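The values are calculated or read from the model by the stated rules, or taken from the named source; none is laboratory data. Predicted, not measured: the structure shown is a model, and the values here were computed from it. For neighbour counting, all protein chains shown are included, and Cβ atoms are generated from backbone atoms with ideal geometry for every residue, glycine included. We work out accessible area using only protein heavy atoms, side chains counted, and drop any ligands, DNA or RNA first. Shrake-Rupley method; radii C 1.70, N 1.55, O 1.52, S 1.80 Å.
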Amino acid sequence: MTKVVISGTGVFTPPYSVSNEELVDTFNAYVRKHNEENAAAIERGEMEPLPESSVEFIFKASGIESRYVMNKSGIVDPDIMAPRLRQRSNDEPSILAEMAVDAAKKAMARANKTAADIDAVLVACSNLERPYPAIAVEVQDLLGIEGFGFDMNVACSSATFGIQTAYDMLRSGSVRCVLIVDPEICSGHLNFRDRDSHFIFGDVCTAIVLERAETCTAKGAWEVLGTRLKTKFSNNIRNNFGFLNRATPEGVGAKDKLFVQEGRKVFKEVVPMVSQLILDHMAEEGLDPKDLKRMWLHQANKNMNDFIGRKVLGRDPERHEQPNILQEYANTSSAGSIITFSQFSEDMKEGDLGLICSFGAGYSVGNVLLRKRA
């Protein structure tokens, strides 16, 4: 069977950063204004006052300290509290494609690949800015790549599901090299007026190059030993925004047209699901979790990752074994585990064993076992 490797990764980081302090100041200004405007109703008991947020609450709940965003001014304006992005004409690159091209060029350079070497482009992310034409086909065109491209969405597991899709195509012999990009403007679907989630997401784009092992010329590539995917339907993480919203106008503007979740239920149900998938996958591949040198987990919540690491390793993971980028990037949906892999993999030695794992809405879980090459 054809061996497949990850030969390059790239990360596009947006130009603006928003700290927890800035988010809290904006949120609390909104809360005070809301409570003042509704003081009479609150006093009559007809409405509950909105509680304020705090930096301490955010960090304890998530481990997040800041996040990068494509637009800051709208997010930190208490009268807007949403990103404001310029409307682009059809003759301009879309914003997702522009982000993807930046990350793709970095990944291609690390993989020693040109457009002529790549046969397929996959855009795998949580939110696509349009239904069609596919963003992947636009990225393909902007990079001058022949072949084909398509979009796919499995929420926070989109990147790992994209890796298995590319892995299967490469092993079948239908392609030689695949580019996966994960442009995530998560600030666009975040409700910055919801105390329980206003701090969760940031924006970013990652890119990954997968190819057959025999064509790889990059040093320090990673052989894909195997992949496992799992989904189980749940309403505990949901976003009901879509093209049919205009057909049901009574729901326009409702909270569920943005990101909503039952955080405690997600924690309770997803942690054992992810841990068991990792353990089962490693057992099927004849690998011992004790031999894992590093886990690049989905970057949603530090507490979740700590529990998963403890379950898989049978002990508390050390910092270098389970790196964390939440403090700088926050949750970037499908891109989080790839950012972590890109930033914390070059120091590893030939033969080292690692895994990329993502999990999120669906529920969905994607696991990729890797071994470092020379």
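Summed over qualifying helices (DSSP H, 4 residues or more, each -39500 (n - 2.57)) and divided by its residue number, the chain shows a 222 nm mean residue ellipticity of -9500 deg cm²/dmol. Restricted to Cα atoms, the range 130-190 shows a radius of gyration and a Dmax of 12.7, 40 angstrom.
Taking the charge dipole of the range 88-167 about its Cα centre, with +1 at Lys and Arg Cβ atoms and -1 at Asp and Glu Cβ atoms, the residue from 164, 131, 149 reaching farthest to the positive side is 164.
Within the chain, antiparallel bridges make up roughly 75 percent of the DSSP beta bridges whose residues both belong there. Normalising by residue count, the range 227-304 has a Cα convex hull of 130 Å³ per residue. Treating each Cα of the range 113-272 as one equal point scatterer and applying the Debye formula with no solvent, the log10 of I(q)/I(0) at q = 0.16, 0.18, 0.20 Å⁻¹ comes out as -1.01, -1.17, -1.31.
Note on the range 58-161: the alpha carbon radius of gyration divided by the globular reference 2.2 N^0.38 Å gives 1.27. Measuring nothing but alpha carbons in the range 78-136 and taking Rh as the Kirkwood radius, the Rg to Rh ratio lands at 1.06. Could you work out how far the C-alpha centroid of the range 67-98 sits from that of the range 131-190, in angstrom? Result: 22 Å between the Cα centres. Here the Karplus curve 6.51 cos²θ - 1.76 cosθ + 1.60, taken at θ = phi - 60°, turns the phi angles of the range 315-329 into couplings of 6, 5, x, 6, 4, 6, 7, 9, x, 9, 10, 4, 4, 9, 9 Hz, with x standing for Gly and Pro. Around the Cα centre of the range 262-371, unit charges on the Cβ atoms of Lys, Arg, Asp and Glu (plus for the first two, minus for the last two) sum to a dipole of about 360 debye.
For residue 350, the accessible surface of its heavy atoms amounts to roughly 140 Å² (probe 1.4 Å, protein chains only, rounded to the nearest 10). Given a 1.4 Å probe and the protein chains as shown, residue 130 ends up with an accessible area of around 60 Å². Taking the DSSP bridge list for the range 276-374 and keeping only pairs wholly inside it, about 60 percent are antiparallel. Of 173, 233, 201, whose Cα points farthest to the positive end of the dipole of the range 164-246 (charges on the beta-carbon: +1 Lys, Arg; -1 Asp, Glu; origin at the Cα centre)? Of the listed residues, the answer is 233. Net charge dipole, the chain: roughly 800 debye, given to the nearest 20, about the Cα centre with Cβ charges of +1 for Lys and Arg and -1 for Asp and Glu.
Extents of the chain, largest first, come to 72, 54, 34 Å (Cα atoms, principal axes, whole angstrom).
Taking the Cα centre of the range 130-251 as origin and assigning +1 to Lys and Arg Cβ atoms and -1 to Asp and Glu Cβ atoms, the resulting dipole is close to 400 debye.
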